[in-house]
Every structure is written in structure tokens, then in C-alpha cells.
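Nothing in this text is a laboratory measurement; each read-out follows from the coordinates by a stated rule. From a predicted model like this one, the values you see are computed outputs, not experimental measurements. We place every Cβ from the backbone using ideal geometry, glycine too, and count neighbours over all the protein chains shown.
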Amino acid sequence: MNNPLKKKYTVVIVGGGPAGLSAALGARAAGAERILIIDREIEVGGILNQCIHSGFGLHHFKEELTGPEYAERCINSARSADVEILSDSYVLDISPELQLEIISSRYGYLNLKAQAVVLAMGCRERTRGAIRTPGFRPAGVMTAGLAQKMVNMKGLLPGRRIAILGSGDIGLIMARRLILEGCEVTGVYEVQPYSNGLTRNLVQCLDDFAIPLHLSTTVAFIHGRDRVEGLTIAPVNEQYIPDPKRSWEVACDTLLLSIGLIPENELSTKLRLRMDPATGGPQVTSTLETSLPGVFACGNVLHVHDIVDFVSEEASRAGRFAAEVAAGRRRPSDNIALQAGANIASCVPQSLSPDRKQTIYLRVKQPVKNCILTIGDRYEKKFRVLTPSEMIRLTLAPEVLDRYFGENLKIDVRSQEVA
Ligand SMILES: Cc1cc2nc3c(=O)[nH]c(=O)nc-3n(C[C@H](O)[C@H](O)[C@H](O)COP(=O)(O)OP(=O)(O)OC[C@H]3O[C@@H](n4cnc5c(N)ncnc54)[C@H](O)[C@@H]3O)c2cc1C
């Protein structure tokens, strides 16, 4: 088939989820001429296409939408802005000179040159192998996201009597979804002493449907040779070691795993970008540029977000900065380094510039109540509750940042009370 693609693009975006689509719009608003989104799926929209529940868009569109509705708005805006979309096409490799190798179902092998690249490949779910759950290897063990795709996109049920390991948001949302489809949900089992989901999902997905949440417990054994027949559930101690003496049996035919997300960074590591082990994504500057000039990152490939609205906000900035770099505009000089201090699990970006207003995204390691977040010794903010499942988003004005010019800043959260 004739290939309508150009050989050179101003900005090429890898991934057509909400991050990729918003990055394209940001690049267009900043004047980029030729913009291309590449996605491996037949339809762009990313994970949102399978999230048919509502609750998306309250910040970005100021109304409550389902995932596909949110995606549709982004796709329509990208199409009206003349962004080219190449779907059903996989980006195999990116060279340091920003030459992309692509395999496309329609056009075969392609090779394109970009002036700037935005990485927006999203994330994938951790599987049973990541936590090495003992037991047999029967059918019926799968990630919550796969079950979501089966139910919402293929009209298939993963089973009838479901147990869920891990209280991440996808697992909570699937607990409710499967009850609505007529399944039985035995409970959600969480190894931590606190939930890893958003409070609104705990209330609306578990409490409203009387689904029990068992904290500080895990699946100690999976029973069943061909199909899951049951689980041994055991409480864990502070070192997460299961206590077999206090274990109990649960009969079920399916185990869903909601045990965390991993940013999809195979392309980033091939490109030898400097990575941040705390986020699993590349390290970025205040303009979301990675350690390779001209390559930007945003959305879940950079760090896992709680809500898609903030993905769009971040990605739109990444697209704008990519367009600016492609046009040869001067980069701001980042002269403030950020460092995760007491009870901070991760912070993005890893450096700041006092030239303009900046947004910082943080997560705490442990839940705490009535705490104070400090940045260096000249900024503090009080919070009633902070939990690892809720990302902290701070916007700092240039006047505040100017006080830290040239410093290596530590961010700390301190409290005497555990939430
Ligand atoms: C299973 C699952 C369910 C979720 N449910 C919710 C929810 O209910 N509510 C919520 O707010 N958030 C949910 N999230 C989080 C959600 O992913 C983010 O809010 C948002 O979709 C992230 O946008 P993104 O564009 O960064 O990633 P994605 O939406 O994942 O999009 C990334 C895109 O990149 C493409 N891609 C990756 N690698 C390549 C490559 N090499 N070549 C070409 N294309 C590539 C993928 O096909 C995909 O379309 C869920 C996440 C997962 C994994």
C-alpha cells in the first residue's frame, strides 16, 4: 500500500494514549509543523478505551466522563489539529540521532526522522512472576487490567467467584465491575497495612458493595491444577512474611492481580536514557526533557499517575517543550536539583529552573497524618493526610524558586502520626 507518511517530522510521539494525544496538541499549540503519533493498537486512546466507568475529566474538561469519552475528545481535537496518526504500528527502536524504526501492519517497515521525540508509551501491570506466589499454575490467574479488557471490550467473564490480590485502583474498579456483571467477589487481599487505591475508589467500589478489604494479608498458595480452585490466605507480619498458623482457605475460580504498574521503558533503556529507579521512568528536567537532548517523556511512562487529567496536563507541556526545542529555541537552565528526602518515595522532575512556574509531582512512602512537607529550609506546606496512593502535585511560583538558585534541594515530609 502507498505510504502517505513524510520522511521527516517536527515532533514524533510514541504512544497514542491520553499522554500522546495531549502532547500532540501541546506541540501544535507551540507551532510545531509536522506532528505524528504512532501507536501499536488499532485504535488510539490507550488504556482509556477499556475504562468504561465514569470519573474521568473533572479537572481537564470540568465534567465527568467515561474513559472512552475522554479519549474521544482528545482524538477529535488531535484530528482537528491535523495531527497525523499511525495506528497498528510498533516503534521498534529510536537512534540517538532521532531516527525511528517502525513496523506497521499497513506499510511494513518504516524509517522516519524526528526533530524531537516525545515518549508516551504508558505502563503495564505487574504479574504473578513479580511476587512469586507459591502454588500451581492453573488457568484463572490474571491481571485486573486483562480482566477489564475481557469484560469491557470482549464481553467475556474471567470467572464466577473472584478473589483480588492487591488494592490498586484497577483491582478496586474490577471488584465493582464484576459484581455488576453478576459475579461473586470473595474479597480484596492487601499485603500492606493500608490500601493502595484512591479513597474514592475504596468507598465507591468496595464499601458500597460490601466487599471486604483484608489488610496485611496475602495469597500464600494457589490451589487447582487446571483451573484455580481456591487460595490459602495468610496474614503477614511487618516483614511481609505470611503466618501459616493463622491462614484460612477461600474457594474461588479466579485470582485477579492488582499489584502495581511498571512504566513501559524498553525504548528508553535501549536509548540509554538516565533512569530514576524510584519512578521506573527516565529522569527529566523542568521541561520534561530526558538525558538525551530532543527526547521528552510524559504520562505513565514517566511516572505512574493516579488520574488521567494530570497526565494530559503534563503531556501538553512535554509537547510544547518538544516543539520549542525542534524550533531551536533556547532551553531554560535548570540550576536547582531536587532530591527525595524523609518519607518521599519519588519526585518528578528531578531538576528545576527558576525561570517560570513549575509543577512538581511527589509520592510519600508511608501514609501520615497532620504532616508538614518542606522543600529546603524556606518552603513548607501542611497536609492533613498523605498516602502513597495519592500523588502530591505542587505548583511553585518563580519567586519561590528563585530563593533556591543553584541549590541541591531536599524534600521531606515529617509527622508524628501514622495515618
Ligand atoms: C489496566 C489499566 C487500567 C487503568 N484504569 C484506570 C482508571 O480506571 N482510571 C484512571 O484514571 N486511570 C487508569 N489507569 C491509569 C491510566 O493508564 C492513565 O490514567 C492514562 O491512561 C495514562 O496515559 P498514557 O497515555 O500515559 O498511557 P496509556 O493510556 O497506557 O497509553 C500508552 C499507549 O502507548 C502505546 N505504546 C506503548 N509502546 C508502544 C510502542 N513501542 N510503539 C507504539 N505504541 C506503543 C500503547 O499501545 C498505548 O496505546 C489504568 C491503567 C492500566 C494499565
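The residue among Thr199, Phe221, Asn152 whose Cα reaches farthest toward the positive pole of the charge dipole of the stretch 127-259, with charges on the beta-carbon of Lys, Arg, Asp and Glu, is Asn152. Relative to its Kirkwood radius, the Cα radius of gyration of the stretch 127-259 gives an Rg/Rh of 0.94. Only DSSP H runs of four or more residues enter the estimate; each adds -39500 (n - 2.57), and after division by the residues of the chain the mean residue ellipticity at 222 nm equals -5500 deg cm²/dmol. Compactness check for the stretch 1-148: Cα Rg over 2.2 N^0.38 Å is 1.19. Amide H contacts for Thr218 (H built 1.01 Å from N in the peptide plane; partners 5 or more residues away or on another chain; cut-off under 5 Å): Ala234, Val236. Taking a ≥ b ≥ c as the square roots of the eigenvalues of the Cα gyration tensor, an a/c ratio of 1.5 or more together with a/b no larger than b/c marks the stretch 1-79 as oblate. A crude spin-label estimate for the pair Thr395 and Tyr240, with each label 7 Å from Cα along the Cβ direction, gives 3.6 nm. For the chain, averaging the sequence separation of C-alpha pairs within contact (under 8 Å, six or more residues apart) and dividing by the residue count gives a relative contact order of 16 percent. Among the chymotrypsin sites (Phe, Trp or Tyr not before Pro) in the stretch 312-419, those placed in a DSSP loop whose Cβ has at most 13 other Cβ atoms within 10 Å are Phe405. When the alpha carbon coordinates of the stretch 213-295 are projected onto the principal axes, the ranges are 55, 33, 20 Å, largest first. With neighbours defined as other Cβ atoms within 10 Å of a residue's Cβ, the residues Tyr9, Tyr189 order from fewest to most as Tyr9, Tyr189. Among the trypsin sites (Lys or Arg not before Pro) found in the stretch 128-180, those both in a DSSP coil and sparsely packed, with 14 or fewer other Cβ atoms within 10 Å of their Cβ, are Arg132, Arg160. Scalar couplings 3J(HN,Hα) for the stretch 234-241, obtained by applying the Karplus form with A = 6.51, B = -1.76, C = 1.60 to θ = phi - 60°, are 9, x, 10, 8, 5, 8, 6, 8 Hz; x denotes Gly and Pro.
Taking the centroid of alpha carbons for each part, the stretch 50-85 and the stretch 274-315 are 20 Å apart.
Considered as an equivalent ellipsoid built on the Cα gyration tensor, the chain has semi-axes of 37, 29, 18 Å, the largest given first.
Binning all Cα-Cα separations of the stretch 133-200 at 10 Å, short to long from zero, yields these whole-percent fractions: 19, 53, 25, 2.
Cross-link check: pairs Lys8/Lys270; Lys369/Lys410; Lys7/Lys357; Lys113/Lys270; Lys62/Lys357; Lys6/Lys62 evaluated at a Cα-Cα cut-off of 25 Å; pairs beyond the cut-off: Lys7/Lys357; Lys6/Lys62. Give the angle, between 0 and 90 degrees and rounded to the nearest 10, that separates the Cα long axis of helix 18-29 from the longest principal axis of the Cα atoms of the chain. Result, in degrees: 20. Annotation note: chymotrypsin sites (Phe, Trp or Tyr not before Pro) in the stretch 196-254 located in DSSP loop regions with a Cβ neighbour count of at most 16 within 10 Å are Tyr240.
Hydrodynamic estimate: the Kirkwood radius of the stretch 336-418 over Cα pairs, inserted into Stokes-Einstein at 25 °C and 0.890 mPa s, corresponds to D of 192 µm²/s. Charge tally around Asp306: other residues with Cβ under 15 Å, Lys/Arg +1 each, Asp/Glu -1 each, net -2. Remark: C-alpha extents of the stretch 282-405 on the principal axes read 47, 32, 21 Å, sorted largest to smallest.
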